[in-house]
């Protein structure tokens, strides 16, 4: 099968590396030299994976312009799977602008430094779709023990945002514990280890670094975007973002 992948960040690279085991893959991204001058019209693709960046807009929302640019190039009769992070508003706009396209959304949870290992060790692949997903299931059979689950697109979008939002909030929470320990001259690492020994809590995202708070590629933009999508329901997350911005600005 001929597969077109749009975007060659670490999500696009993971899919290109793994899908190439069984299918013919062509990547479309100006940063990928081998396909810099290619046009999708010259490739007889059977389906498309959209893995382009969706950065934070100036108002804090999810900038979907790269996704729309790709959608404008695609035929309505070819299945499309979006792996880029998209917002609830973005999904509604996609359905409005491209009503005849067969579009599904699948959230991705890869880490930049370990994207390949994360991809092939996936245990659950969520496909948010209003249609049958048997077409997409075949692509993930190369991942041992991966279970493909069909859910509604809106549910898949929120799973993506709230996994990252929970972990970002956990980072902020442990940074506040660190602040209290510093003020009281208490050994933070001893307290942290004692808290994290509880298996319901765990050690991940509990270390406080010299950079303080949460940062990186996904946490800031995803927490901002989901708060922008909400109507004031996410006050805990809003406070975590405000605290995180304050300690970042104090460095």
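Going by what's in this entry, would residue 126 be described as surrounded by 13 or more Cβ atoms within 10 Å (Cβ to Cβ), within 26 Å of residue 239 (Cα to Cα) and at pLDDT 95 or above?
Working: surrounded by 13 or more Cβ atoms within 10 Å (Cβ to Cβ): yes; within 26 Å of residue 239 (Cα to Cα): no; at pLDDT 95 or above: yes.
No.
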Query - Those residues of segment 61-77 which are more than 19 Å from the chain's Cα centre (by Cα) and either assigned to a strand (DSSP E or B) or surrounded by 15 or more Cβ atoms within 10 Å (Cβ to Cβ) (or both), in sequence order - result: 74
Query raised in the report: Only one residue in 179, 132 is more than 14 Å from residue 108 (Cα to Cα), outside any helix (DSSP H, G or I) and either modelled with pLDDT of 95 or more or over 18 Å from the mean Cα position of the chain (by Cα) (or both). Which one?
Result: 132
Report summary line: Going through (1) in the same structural domain as residue 40 (by TED's automatic domain parsing); (2) under 21 Å from residue 12 (Cα atoms); (3) within 18 Å of the chain's Cα centre (by Cα) one by one, residue 88 fails only at (2)
Report task. Filter segment 16-35 down to residues that are modelled with pLDDT under 90, farther than 20 Å from residue 85 by Cα and surrounded by 11 or more Cβ atoms within 10 Å (Cβ to Cβ), then give me how many there are. Result -> 2
Query - Given (1) touching a helix residue (DSSP H, G or I) at 6+ places or on another chain (Cβ under 8 Å); (2) part of a loop (DSSP other than H, G, I, E, B); (3) more than 16 Å from residue 160 (Cβ to Cβ), index of the condition residue 243 fails - result: (2)
**Report entry** Enumeration of residues in segment 44-60 that are surrounded by fewer than 18 Cβ atoms within 10 Å (Cβ to Cβ) and part of a loop (DSSP other than H, G, I, E, B)
**Finding:** 44, 46, 53, 55, 57, 58, 59, 60
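The values are calculated or read from the model by the stated rules, or taken from the named source; none is laboratory data. None of the values given here were measured: they were computed from a predicted structure. Here the Cβ is made from the backbone with ideal geometry for all residues, glycine too, and neighbour counts use every protein chain on show.
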